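What follows is one structure encoded as structure tokens, with my remarks underneath.
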Amino acid sequence: MRRYIFIFLFIISLGVAIPRVSLAAKLFLNAKPADVGIGQQVQAQLLIDTENESVNAFEGRVTYSHDLLELQEVRESNSIVSFWIEPPAEQDSSIVFSGVTPGGYQGTSGILWTAVFKTKQAGTPDLEIKDAKALLNDGMGTEASLTLEPFKLLIAEGATSEVHVAAEIIDYELPESFMPELARDQTVFDGKWFVVFATQDKKSGMDHFEITEVRSGSPRHWLMVESPYVLQDQELRSRIFIKAIDKAGNRRIVELAAQYPLSWYEEYWNWVILFIVGIIALWLGLRLWRKKNTLR
């Protein structure tokens with residue numbers, strides 16, 4: 001499903017791709033340290049050398065030896081990827097990813113993501129890039145020619161190499177601002193209304209999104225969701241709140257106004273306020289009436 005979204009966004013929306021020959025960009029791995037002992041940590045970065053081309057979309061997977069390496073986390077900090085269609089995550093002893101960089105990236109050592117492993121036993125585990133694609137930032141969605149370079153680690157008993165694992169990321173910044181979009185298409189979700197949203201966090205990386213639909217009152221009953229999300233209120237009478245949460249727990253909440261908001265008399269709280277005002281007015285009226293009767 002995500003792969004179809006990837007292709008749709010960068011081939012269909014940009015126009016019909018016209019095949020052309022491009023220089024071979026290089027997708028490669030770099031690990032620190034390359035030689036490591038048992039029970040130590042090692043960080044591996046997936047990088048791209050665009051060979052003077054500008055590239056704006058990436059997808060693929062990196063396999064690793066599950067019996068020799070334990071994946072502890074995947075970091076998106078300092079990534080050249082602006083928006084993740086599929087954030088890098090473990091799937092069946094592979095790290096699967098798909099993302100885009102509007103405006104493109106051109107350089108020799110662009111970081112896509114960084115994985116932190118812990119070694120389990122001695123051996124020479126392979127880190128291999130598979131099913132990788134990159135699209136040129138040429139307005140036509142041209143697929144770049146890619147050279148894929150595998151990487152081999154050496155895990156040795158008694159090795160005492162200095163471990164170069166990135167320090168724990170301290171992140172007090174909110175995810176970047178974003179604007180959700182309402183959409184409806186007869187070919188998907190049975191023609192129901194859905195909302196599309198995305199943002200990024202350049203420090204700790206995005207963790208997840210939550211949503212709530214509110215006709216009256218304040219946001220409540222949050223649900224963890226992914227984009228696109230089919231709305232429960234197909235009458236579009238609810239305000240839509242979307243909460244973006246990064247891996248450090250920072251949260252940004254954005255709101256989409258109701259397309260067909262409730263009339264004033266349909267709002268529960270309006271009646272509560274009117275009731276309270278009525279009680280106060282009645283109480284004041286009774287006091288004035290009693291005061292006048294007392295003066296007589």
message: Can you order the peptides 221-227, 232-238, 112-118, 149-155 by their average number of other Cβ atoms within 10 Å per residue, highest first?
response: 112-118, 149-155, 232-238, 221-227
- prompt: Under a no-solvent Debye model with one identical scatterer per Cα of the range 43-195, what's log10 I(q)/I(0) at q = 0.08, 0.10, 0.15, 0.21 Å⁻¹?
  reply: -0.30, -0.46, -0.92, -1.36
query: For the range 181-262, rounded, prolate or oblate, judged on the Cα gyration tensor with a ≥ b ≥ c (square roots of eigenvalues), a/c < 1.5 rounded, else prolate if a/b > b/c?
result: oblate
task: Starting from the Cα-Cα distance between V272 and E149, subtract it from 0.36 nm times their residue separation and give me the gain in nm to one decimal.
output: 37.6 nm
- line: Sorted on mean Cβ neighbours within 10 Å (highest first), peptides 52-63, 245-256, 275-286 come out as 52-63, 245-256, 275-286
Ordering of 137-148, 75-86, 183-194 by packing [mean C-beta count within 10 Å, highest first]: 75-86, 137-148, 183-194
message: How many angstrom lie between the Cα centre of the range 92-149 and the Cα centre of the range 22-69?
response: 6
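Readers should treat all values here as calculations from the given coordinates under stated rules, not as data from a laboratory. Fair warning: this is a prediction, and the values are worked out from it, not measured in the lab. No Cβ is skipped: glycine too gets one built from the backbone with ideal geometry, and neighbour counts run over all protein chains shown.
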